[in-house]
1. So between GLU80 and LYS183, what do we pick up on full extension, going 0.36 nm a residue minus the alpha carbon distance?
2. With the crude spin-label approximation of a point 7 Å out along Cα→Cβ, what separation in nm comes out for THR349 versus ILE13?
3. Starting from the 7 Å offset along Cα-to-Cβ, what nm value, one decimal, do you get for the label separation of ILE377 and ASP305?
4. Just the projected area, averaged over all directions, of the convex hull on the alpha carbon atoms of the range 1-79: how many nm²?
5. Take peptides 210-223, 386-399 and line them up by average Cβ neighbours within 10 Å, highest first, as a rough protection proxy.
6. For the cross-link pairs LYS28/LYS132; LYS241/LYS278; LYS204/LYS407; LYS279/LYS304, which exceed 26 Å when the distance is taken from alpha carbon to alpha carbon?
7. Rounded to the nearest 20 Debye, what is the dipole magnitude of the range 255-348 about its Cα centre when Lys and Arg each give +1 and Asp and Glu each give -1 at the C-beta?
8. Which residues' amide hydrogens lie under 5 Å from the amide hydrogen of LEU385, considering only partners 5 or more residues apart or on another chain, with H built in the peptide plane?
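The numbers here are math on the coordinates, done by the rules we state, and not lab data. Given the structure is predicted, the values throughout are model-derived calculations rather than measurements. Reconstructed Cβ throughout: ideal geometry from the backbone, glycine too, with neighbour counts over all protein chains shown.
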Amino acid sequence: MQEIKIPELAESITEGTIAEWLVKKGEKIAKGDPIVELETDKVNVEVNAEFSGVITEILSEEGDDVAVGDTIAKLDENGEAGGDSAPAEETPKEEKPEAKEEKPQASKASEKEAPATESGTGDFIASPAARKRARELNIDLSKVSARDPLGRVRPEDVEAAAKAGNEPKASQPAKSEAPKAAKTEFEKPVERVKMTRRRQTIAKNLVNVQQESAMLTTFNEVDMTAVMKLRSERKEKFLKKNGVKLGFMSFFTKAVVGALKEFPLLNAEIQGNELVIKKFYDIGIAVSTDDGLVVPVVRDADRKDFADIESDIVDLGTKARDNKLALSDLQGGSFTITNGGTFGSMMSTPILNAPQVGILGMHNIVKRAMVMPDDSIEVRPMMYLALSYDHRIVDGKEAVQFLVRIKQMLEDPYDLLLEG
């Protein structure tokens, strides 16, 4: 009998949530087959089988939180498909004495995957999510009654024990009551939906950025006439030659790279008491998905032409929306661009993508009456730009000049094309 455990996923990922089981109890699998999809803080990853055999037991269900090293299932290398699953489900119903004999065995497996310091001692089985909830509410799991026929303690059992006043300690009321206090009961209908692990991470990171950086935002506006004219002139030829449309993002990416070369502190980060000034230009492009905002990275944007950048952006956007991004697609960016204009945003103050110290916000293009240098008035397509930056290392003068330089390059984009 082999235990299926959560393997080492990546250096920065130590836990996740089971999003979907790809196999069932009693199913025969081969070594290397994907068996479970795990939702992590950044991407969804598949866990593959390290052995061939039959799944005899599934210990963690979809929605359970699990950590690296946790045992989530068991596999019999000599089993036959369907042979081990049916009797295991029927036996407890027909012969209760045998069910009682099997329960301690399951308990030993539980004790092996969960130290006594986390789940208490005693003869019980608890899901990882239940153990986590018990720690939050300061509940002794050995005193929780399980409603599961097989005796498995679930989060709702822990909640019920808390409501029944089974807290063994009252010395930490603030910690144990915080989750309960956050729940407000409403007289009118509401729907409660558990936040995904990724949404929880996004929320935590955004708050941390605002607490740990001196974030400030400066604004400017850019006349998009020249960019729109250039796109109109070359879009058909560009598409025919490169197989991808000429969009706005390649212009902004090239402009950002040019400005970063002139103002390198916006391409840096803080590590302890040192500034790490990056000599590469990996530009993150924020993409909105159903599960939240992700920021895949266009690598070496300074070495790519417009077609390469547009192709990368299309590929990364498709992978993001199909939940196919790899961790390598998200790591190591040096600066980020976010485009709220696709949703109609007129102006915003984008939040830094830590540990980066700069992020450029694009917005929608609106025709406005503008006073020209000769005092004539013309209707021009205008866009507001926003640059959020970390004031700890970037001074206001540099930030303003950086944004002005981007404006200048976008209003005369032919140089960008020539350089690209």
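1. Working: separation 103, 0.36 × 103 = 37.08 nm, distance 4.74 nm.
Gain on extension, GLU80 to LYS183, equals 32.3 nm.
2. 3.4 nm
3. 4.4 nm
4. 4.4 nm²
5. Working: 210-223: 16.0, 386-399: 18.4.
Averaged packing, sorted descending, gives the order 386-399, 210-223.
6. Values: LYS28/LYS132 31 Å; LYS241/LYS278 33 Å; LYS204/LYS407 33 Å; LYS279/LYS304 16 Å.
Beyond 26 Å between Cα atoms: LYS28/LYS132; LYS241/LYS278; LYS204/LYS407.
7. Details: 9 positive and 15 negative charges, 23 e Å.
Roughly 100 debye for the range 255-348.
8. ASN220, GLU221, VAL222
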